[in-house]
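To keep things clear, I will list the structure first and then write my remarks on it.
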Amino acid sequence: MKVVVIGGKGHIGTYLVPRLVEAGHEVSVVTRGQRAPYSPHSAWREVTQVTIDRAHAEREGTFGPRIAALGPEAVVDLISFTVASTQHLVEALRGRVRHYLHCGSIWVKGELVEAPTREETPSPPFGEYGINKAAIEDYLLGQARAGDFPATMVNPGHMVGPGWPPINPVGNANPEVFRQLARGETLYVPNFGMETLHHVHADDVAQVFSNAMTHWSAAVGEAFFATSPAAVTLRGYAREAARWFDQEADLQFLPWEEWKRACGLPEADIDTTYAHLSHGQCCSIDKARRLLDYQPRYTSFQAIREAVEWMVAQGTIEAVARQP
């Protein structure tokens, strides 16, 4: 099958594109520039590279027609963030593709209502990103269920993998938090450390996309969470991460306002922490397992540890033994 992957050299595309090539698909990757994927793979030699600045092309009204002109049977859209952007592409592809797969987010759900959250659990989104992704999902699934367009929505958790810092045990991406744990220093944790984060290795997200294409009839008109088998609490995460450096976590729990003053992190990281903690997601993958044969390779801790080991190898984190 001829597959076009839009934004195919990022977190997901790094793993999805080789999967598609190895499955025998003819793959074209559409990107804005010439950056390399996070991890090298021989499969990239068989990929057609297409350079399009999506934002510019959408302003001109040419992006959708240019994607359609590539003649895809399936399109994987990893970088659409508004309903208008998605609609533009859908109208160009309507009646011309067998499958359209869109990358959403677990933040299509707002506050954690029940654990684990299922795709059908009512939970109104909040924040611009989550609201936009939920609106895209409503639009696409409405189109698919009306029989007008063969769309599937895949909603990843907090993606991790070698090449970029993972969301850390206080809910942001600042590597200093891991450095503190590696040095055996006191880590200030907001509240009681019982909020949850739900990570997923980017290769497992790629598996969901690939399996959705294989299980087309079960996937069209549906949304699927793509996460690890289990979420983690902040305190459990911090203690596990400290053990990776042969340390025992020294955690101090502080009320939110006190934590903001004591943590020593930039305001942007504090805002990121607030966004993650206020969502507190814990998602079920039962639907993806049942309908798509999703079999995640990584637990949350396994996925995060692989990314942390990459940071150590890069010198981003230096493990220093606790001083006597």
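Summary table
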| item | result |
| --- | --- |
| Among residues of segment 154-179, those that are assigned to a helix (DSSP H, G or I) and surrounded by fewer than 24 Cβ atoms within 10 Å (Cβ to Cβ), counted | 2 |
| In segment 49-103, the residues that are assigned to a loop (DSSP other than H, G, I, E, B) and among the β-branched types (Val, Ile, Thr) | Ile52, Thr62, Ile79, Thr82, Val97 |
| Hey, His201 under 18 Å from Leu16 (Cα atoms) and either of a type in the set (Val, Ile, Thr) or buried (at least 22 other Cβ atoms within 10 Å of the Cβ) (or both) or not | yes |
| Check on Pro175, more than 22 Å from Pro72 (Cβ to Cβ) and in contact with a strand residue (DSSP E or B) (Cβ under 8 Å, 6 or more places away or on another chain) | no |
| Test: residue in segment 207-221 that is surrounded by fewer than 22 Cβ atoms within 10 Å (Cβ to Cβ) and assigned to a strand (DSSP E or B) | no |
| Segment 134-151 - residue that is within 14 Å of Leu101 (Cβ to Cβ) and either outside the structural domain of Val90 (by TED's automatic domain parsing) or of a type outside the set (Val, Ile, Thr) (or both) and, of those, surrounded by the most Cβ atoms within 10 Å (Cβ to Cβ) | Ala151 |
| Scan of segment 35-48 for residues that are within 22 Å of the chain's Cα centre (by Cα) and in a loop (DSSP other than H, G, I, E, B), ordered by number | Arg35, Ala36, Pro37, Tyr38, Ser39, Pro40, His41 |
| Residues (surrounded by 13 or more Cβ atoms within 10 Å (Cβ to Cβ), touching a Ser or Thr at 6+ places or on another chain (Cβ under 7 Å) and polar (S, T, N, Q)) located in segment 16-62 | Ser28, Thr31, Ser39 |
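The values are calculated or read from the model by the stated rules, or taken from the named source; none is laboratory data. No experiment lies behind these values; they were computed from the predicted model shown. Cβ sites come from the backbone with ideal geometry, for glycine too, and all protein chains shown count toward neighbours.
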